[in-house]
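A short write-up of the structure that comes next.
Readers should treat all values here as calculations from the given coordinates under stated rules, not as data from a laboratory. Remember, predicted model here, so these are calculated numbers, not experimental data. Cβ: placed from backbone, ideal geometry, glycine included. Neighbour counts: every protein chain shown.
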Amino acid sequence: MVLHELISYEHLRLIWWLLLGVLLAVYAVMDGFDLGVGMLLPFAGRTDLERRTVINTVGPVWEGNQVWLILGGGAIFAAWPQLYAVSFSGFYLAMFAILVALILRPVAFKFRSKRDDVRWRTRWDWTLFMSGLVPALIYGVAMGNVLQGVPFRFAANDMRIFYDGNLWGLLNPFALLCGAVSVSMMLMLGSAWLCIKTEGAVAARARRFGSWAALATVLLYALAGALLWSSIDGFRITSDIVPDGPSNPLFKTAEHAPGAWFANYTAQPWLWLVPSLGLAGAALAAMGLRMRREWPAMLASALAVACIVLSVGVSMFPFILPSSIDVRASLTVWDSSSSHLTLFVMLVSTAIFLPIIVTYTSWVYSVLRGKVDVEAIQEQRGHSY
C-alpha cells in the first residue's frame, strides 16, 4: 500500500474542510481583537498617553496573530486551488483593500510616536482605526456574498474562470448586514481585550463600548439568520455525490433551493449548537463586561466569534463557494480539492508545524501577560509604541 492511501481521499477532503474552518475561526479570534482595538483607539483613548496605552496592548503580538491569516491563505492555496483561484481573482479589489489596510497598520504602529505633534499622531490614530474597520467590514461582506452565491463560471472546454461581477455588486444589503455583524463582533472582542490589558478610564470606556457591541452582535447575527431563512435561497446538489471523485465541479448538477442552508441542521439537529453558542457567547460577553469579569468576557467573546465564523461552513456544507450564475460550477468539498497525495503531504506537514506555532504563540502570550505598564510608556523604559 502507498503511504498516502492510509487515509482515504474522502476523509482527507473532509479533514481539510474542517482544518480550513478551524484556521479561519482561530484567525478571526486572534487577529479579531487586534482589529477591534484599532477601531476603538480614537474613542477608548482620549489623551496621547491613553492612546499609546491602547496601542501597546496589541503592539507586541499583532504580527504573531497574523500568522493565522497566512496559514488560512496557505491552506486555501494548497488544499482548495480552485477556491483560491476564484476568490482571489473575483474579489481582487476587495482583497487589495484588505492588504492596503493590513500594510498601513504596522506603518502606523512604527511612525505614530516618531514626532511629538498632535496632528501627526491624530492622522496615524485614524489610520489605525481604518486599518481595523476595513478588513473587519470586508471579511463580513465577503461571507455575505458567499452565502448568496458569487457570479463566476467555468469554460466547459478548458476550465478557465470567468467572473461576471464587480466591486459594487458585492455591497448588497445582506452582505453589508454581514459586514456589520463582523465589525460588531470584532469591536466586542477588542473591548474585552482592552479590559484585560488596561486599567482606569480606558478600561471603563472599553467596557461600555464592548457591552453595546456585544448586544449589537446578538441582534445583527439573529437578523442575518432570519433573513437567510426567509429571503436568501441556498444551494443543493441534485446529482449523485461522489466523495472521492475527480476535482471537476462541472461533473455534477445543482440548484437553488429555499431554506437549503438550513438542511444540515434538519438532518443533524445537534449542529444548532454552533450558531446557538455564537448568540450565547455574545450575550455572555455583554454580561461579563458589565459585571467587570474580564477573562470570562474575553472567553465568551472568543467563543462567539469562532462559532459565528464556523456557522457559515456548517450551514453551507458541502458547498465551499457557490456560483450564482451557473450553479453547476459551484465548488464543493467533493469536487474542488487538490490531489489525494497533496492533501496527505499537507496533513503530515500540518501535524508537525501547527503544534510548534501553537507552542511559541502560547509562550509569547505567557511572557507578555498582565496589564500594560503606563509608567514605562511615560518614562520611555523598554520598547513601547
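Quick notes on this one:
- Peptides 171-180, 349-358 ordered by average Cβ neighbours within 10 Å, highest first: 171-180, 349-358
- Computed from the C-beta positions of Phe251 and Met130, the FRET efficiency with R₀ = 56 Å rounds to 0.80.
- Mean-position separation - Cα centroids, segment 85-113 and segment 295-326, in angstrom: 22 Å
- Taking the longest Cα principal axis of the chain as reference, the axis of helix 118-148 is set at about 20 degrees.
- The helix-based estimate of mean residue ellipticity at 222 nm for the chain, built from -39,500 (n - 2.57) per DSSP H run of four or more residues and divided by its residue count, is -22500 deg cm²/dmol to the nearest 500.
- Ratio of the Cα radius of gyration of segment 197-236 to 2.2 N^0.38 Å, where N counts its residues: 1.86
- Shape category assigned to segment 244-385 from the gyration tensor of Cα positions, a/c cut at 1.5: oblate
- Rounded FRET efficiency, nearest 0.05, which uses the C-beta distance separating Ser276 from Ser239 and R0 of 35 Å: 0.60
- For the options Leu227, Leu23, Leu289, a Gaussian network treatment of the chain with springs between C-alpha atoms closer than 10 Å singles out Leu227 as fluctuating the most.
- In terms of surrounding Cβ atoms within a 10 Å radius of their Cβ, Lys114, Lys197, Lys371, Lys252 rank from fewest to most as Lys114, Lys371, Lys252, Lys197.
- Here segment 74-88 is scanned for amide nitrogen atoms under 16 Å from the site 7 Å beyond the Cα of Ser339 along Cα-to-Cβ, giving 78-82.
- Gaussian network model of the chain, springs between alpha carbon atoms under 10 Å - residue of Val364, Val327, Val181 with greatest fluctuation: Val364
- Computed FRET value (nearest 0.05) for Ile325 with Ala204, which takes r as the C-beta separation and R₀ as 45 Å: 0.35
- The chain - Debye-derived log10 I(q)/I(0), Cα point model, q = 0.11, 0.12 Å⁻¹: -0.80, -0.94
- Charge-dipole axis of the chain as Lys and Arg at +1 and Asp and Glu at -1 on Cβ define it, positive-most pick from Phe344, Pro42, Tyr365: Pro42
- With Cα atoms, 0 to 90° folded angle of helix 273-290 axis to the chain main axis: 10 degrees
- Simple spin-label estimate for His11 and Leu93 gives 4.6 nm between the two label positions (7 Å along the Cα-to-Cβ direction from each Cα).
- Axis of helix 67-79 versus longest Cα principal axis of the chain: the two differ by about 10°, to the nearest ten degrees.
- Taking GluC sites (Glu not before Pro) in DSSP loop conformation with at most 16 other Cβ atoms inside 10 Å as exposed sites, the chain has its longest uninterrupted site-free stretch at 1-198.
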